[in-house]
1. Pull up the stretch B:179-234, narrow it to residues that are in a loop (DSSP other than H, G, I, E, B) and at positive phi, then point me to the one that is nearest to the chain's Cα centre (by Cα).
2. Being facing chain B (nearest Cβ under 7 Å) and within 11 Å of the chain's Cα centre (by Cα) is the filter; apply it to the stretch A:53-68 and report the residue that is farthest from B:GLU490 (Cα to Cα).
3. Name the residue, out of B:VAL386, B:VAL408, that is over 30 Å from B:ALA316 (Cα atoms) and assigned by TED's automatic domain parsing to the domain that holds B:ASN461.
4. Exactly one of these conditions fails for B:TYR482: (1) away from chain A (no Cβ under 11 Å); (2) in contact with a Lys or Arg (Cβ under 9 Å, 6 or more places away or on another chain); (3) surrounded by 18 or more Cβ atoms within 10 Å (Cβ to Cβ); (4) over 20 Å from B:ASN379 (Cα atoms). Give me its number.
5. What pairs come up if the first residue lies in the stretch A:63-81 and is on the phi < 0 side of the Ramachandran plot, the second is loosely packed, with under 15 Cβ neighbours inside 10 Å and among the aliphatic types (A, V, I, L, M), and their beta carbons are under 6 Å apart, counting only those six or more places apart or on different chains?
6. Which one is surrounded by the fewest Cβ atoms within 10 Å (Cβ to Cβ), of the residues in the stretch B:519-554 that are over 25 Å from the mean Cα position of the chain (by Cα) and either assigned to a loop (DSSP other than H, G, I, E, B) or on the phi > 0 side of the Ramachandran plot (or both)?
7. Looking at the stretch A:88-119, which of its residues are part of a strand (DSSP E or B), out of contact with any helix residue (DSSP H, G or I) (no Cβ under 6 Å at 6 or more places or on another chain) and touching a residue at least 12 places away in the same chain (Cβ under 8 Å)?
8. State whether the residues of the stretch B:345-363 include one that is within 30 Å of B:GLU418 (Cα to Cα) and more than 29 Å from the chain's Cα centre (by Cα).
Amino acid sequence: MKNLKNISLALLGLLVISCNDDDTVAPPVTNEEELITTVKVTLTNGSNSVVLQSKDLDGDGPNAPVVTVVGNLLANTTYTGSVEFLNESVNPADNITAEILAEDEDHQIFYQLTSGLGTISYTDVDSNSQPVGLAITYQTNAVGSGNLVVTLRHLPNKSANGVASGNIANAGGSTDAEVTFPVTIQ
Amino acid sequence: MRFIFSFLFGLVTLFAYSQFQVSGKVVNTFNEPMENIHVHTHGKTTSTDVNGNYTIYNLKEGNHVIEFSFSGYLPYKQKYFLKSNLIINAVMIINETQIEEVAIQSKNSNVTKSQKENVISKSTIERYGSQNLGDVLKEIAGVSALKTGNSIVKPIINGLHSNRVVTLNQGIRIEDQQWGIEHAPNIDINSIQKIKVIKGASALQYGGDAIGGVVLLEPNLIRVDTLIGKTMLSLNSNGRGGSAATSLFRAKEKGLNWNFNASLKYFGDRETRNYVLSNSGNREQNFSGGLSYQLAKHNLSTYYSLYNSQVGILKASHIGNTNDLYNAIVNFQPAVIEDFTYNLAHPKQEATHHFLKVQDHISLTDFSSLEVVYSFQWNNRKEFDVRRNSQNTNAALDLDLKTHIFKVDFQTQKGKFELKNGVNLFLQNNEANPFTGVRPLIPTFSKNEIGFYGVSNYNFNESLVFELGGRLDFSTIEASKYYLKSRWNERNYNEAFSAFIQSEVGNQYFTKPKFNYVNFSGNIGFKKTFHHDYVWYFNVNLASRNPNVSELFSDGLHHSNGQIELGDLRIQQEKSFKIASTVTKSWQQTGFEIHPYLNFINDFIFLKPIGFETTIRGAFPVWSFQQTNAVLSGIDIAFNAVVFKKGSYNLGTAYVNGWDTSNQKHLIDVPPLKIMNGFKWHEKNWYNFKAEVKNEWVFTQNQFPNYNFSANIIQNNQLVAVEIPISEAPKGYNLWHFYSELQFETSKKTNLVIAFSIDNLTNEAYRDYLNRQRFFVDEMGRNFQLQIKFNY
């Protein structure tokens, strides 16, 4: 009985010691690989260029994205556009556009404009000759204002009805980014 | 005159011939009375009562044979000559080939005296051999299943689940991240011999925090010299897979006992009536083994089990934002339907659970014993998400949970007084892998607890037992967690918790939150046995549960339901006060059980929507853990009756109402009214043929809180504000199930059982309120199952 007591006490002590690794050192910070902090759309026509940017450095944190628009869009003009996705929470920033390009058949970017503000069409294709949406042209209409919604879908069904022409309704997949920019055409 | 004389003579002889009776008592080899033993003599039959007694009346003088029989025991026959009333006692001996079923009958070792324990037998567990613990528990009225798809099933007891339900394997609580609604108990159903469910926290020796209830998984307790084996194969049409399990069991009265059990499960995609549930397959590889050595005063034993599972998560349930969620709900059709495959793609879960137990049971005197137990559990959980880069196959969540439990229990009996007390030491460490590339859902933490309990029973007389118990727990939890500064400020943590901040790293604080808790739980009740086998249990208990890690620390986006879930460091313990009563009656022909209860929970912890946050992925509703006062009230009813000689009917029904008294709202995820009707047919002479038809009727849950919210969705190229209907419960449903089996005696000691069953006979397409994937897909369609079981 006494032996048993000793053994159990020893065991108890061992456990307390083994479990109490008092680590005052901070564990490594997790590098957020899946995070997109920044969506940047650049539209150019000659020397006229417009940059629409949405940046949210705290990711899923409470701070809302900061949306900035630099430059003015002109009426009845054709812009060549590109979109960039970045993770700026890490240093140096992760270029997510390159990741999308590497698996372009699994991604598509959709552009929704308030009606009357013109049309956006795809100018790039993936290995299956389906659009990706990293490169676009934007043909503006008359003077007006509204919104542009840019959506990055992962694993969309690109062959579903209307998806290749930019209609998001039947695209499916999951949304990796969805940002809304105010658009004013002068 | 002659006529009258002969008539009188006839009457006298009739009287003379019919006045004898045979009675007696039937016990097992432990000298415990055996109930429901079939007694047959000279064309008359009866069964023994609760005390093992039987009487057969109106037997004629002469030579007769009496036979006692019971499933799992060797039939006992005796010849006798009757010329006066006779007493014939019998001792039933276990039939070794069917020994496992007997385990249920052999010993009455109730954990709590004042609360009814619901028991599930080995034969029922075996039917669910290719399913999960959560599925078989639904056999008990008042227990429902909280599901994520088909393979992740958690029990809900009287409306409560997750950390409010404690599952114990051989007396040790299973520590496997039960805070998560998508985390099923990490246990192989094929390794379980017997399940007991206690609805409430009255089993104080196992903890004072089981506000919902306790599930006890128990081992085989046979101590008769025997060697038995079993190999079972289950094949299922839905999922095109099945399971195989084999076990060997060696028991002796003295000396070395051993057993082992191994099982495999392999399933591909399940199917509903209309489509394939893409990526719903699962696998399991399990092993368990035990050794025990019986000495004069000591019983030394050790047990190890390994549970290994891989579960696919429905592809269609992976969504990115509220827009995706809205589309999924209104389309009523999953976004991803692919051809059937056995492959498991991302998202998926992988869990490994090691369980080790070493124990010494010491018999101090004939009436007292001491049990010293050490156990170690190591749980690893990996959750794989759909990543942008498909080459990246790293887990998104990787948690390593290690738990040491050390306990000493002392039990003694003095006359009418019984006492159990003990001490429990619990040391736990969770390591959240920081290299997954995704912020861990819950942090690295360590948790230490020490608990003391005492429970006493007083047997006033044979029919009244009084129970009183108390428990005191001291616990401490310390986490290492990074908070985004923006989140720390939004939560207003700076005032009360700035001392937790250790350092600043970029836009984050490194913190070490630490909390101490002291909890008292108590239990008082009685059990009263009346005439005619009426038993009345009455129990009042007080329990409290510490906030779990997710309630304190969770902080981020939940991908499967498109919501941001936030813990709160201010959350305190929740306290439950439960009044429960059970009335049971078991006649020979009919029986019933009625269990009404009232559970008042102060500071009930729940998730509540508190607003919106916009991220680069769009706007998300934010749900925060909050506390309120709640009342759960309900009733469970079970009834069974022998309709005719070979047919019996049974009914199980449960109703529970969950009410948030502070907010005057219903509680979320409360099971709807359910009625189970079953009819069983048993034909012993035809290869022990058994057949069962079951009807499962689940009503529409109309009592839910309205948490619908409005969000801007892209429709026809425009952002349109719509209501996201997440609150409404799906329509009720009515399912039919069928089960049948035949048993062939292959030799004197071996038999083969072949069972065929059909679940969801009419291939109903339906959705269940308690399935987290109800927004995306229907429930599984019809399933044919063939089971081949060889006992040797």
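The values are calculated or read from the model by the stated rules, or taken from the named source; none is laboratory data. Please read these numbers as outputs of a predicted model, since none were measured by experiment. Note: ideal-geometry Cβ built from the backbone for every residue, glycine included; neighbour counts use all protein chains shown.
1. Initially, the stretch B:179-234 is screened for residues in a loop (DSSP other than H, G, I, E, B), giving B:179-188, B:192-193, B:199-203, B:207-212, B:219-225.
With at positive phi added as a condition, the list becomes B:200, B:207.
On the way: B:GLY200: 13, B:GLY207: 17 Å.
Ranking the qualifying residues of the stretch B:179-234, first place goes to B:GLY200.
2. To start, the set of residues in the stretch A:53-68 that are facing chain B (nearest Cβ under 7 Å) comprises A:54, A:56-65.
Subsequent filtering for residues that are within 11 Å of the chain's Cα centre (by Cα) retains A:54, A:56, A:59.
Numbers: A:SER54: 21, A:ASP56: 16, A:GLY59: 14 Å.
In this case the residue turns out to be A:SER54.
3. On the way: B:VAL386 fails: over 30 Å from B:ALA316 (Cα atoms).
Unique residue meeting the criteria: B:VAL408.
4. All conditions are met except number (1).
5. Qualifying pairs under 6 Å: A:VAL70/A:VAL51; A:ALA75/A:ALA142; A:ALA75/A:VAL143.
6. Restricting attention to the stretch B:519-554, the residues satisfying the condition of being over 25 Å from the mean Cα position of the chain (by Cα) are B:519-520, B:528-534, B:552-554.
Among the residues that remain, those that are also either assigned to a loop (DSSP other than H, G, I, E, B) or on the phi > 0 side of the Ramachandran plot (or both) are: B:530, B:532-533, B:554.
Values: B:PHE530: 11, B:HIS532: 8, B:ASP533: 16, B:SER554: 23.
Looking at the filtered set, the residue picked out is B:HIS532.
7. Step one: filter the stretch A:88-119 for residues part of a strand (DSSP E or B), giving A:94-95, A:107-113, A:118-119.
Still in the list and also out of contact with any helix residue (DSSP H, G or I) (no Cβ under 6 Å at 6 or more places or on another chain): A:94-95, A:108-113, A:118-119.
If the condition is that a residue be part of a strand (DSSP E or B), out of contact with any helix residue (DSSP H, G or I) (no Cβ under 6 Å at 6 or more places or on another chain) and touching a residue at least 12 places away in the same chain (Cβ under 8 Å), then A:ASP94, A:GLN108, A:ILE109, A:PHE110, A:TYR111, A:GLN112, A:LEU113, A:GLY118, A:THR119 are the ones that fit.
8. Yes: one or more hits.
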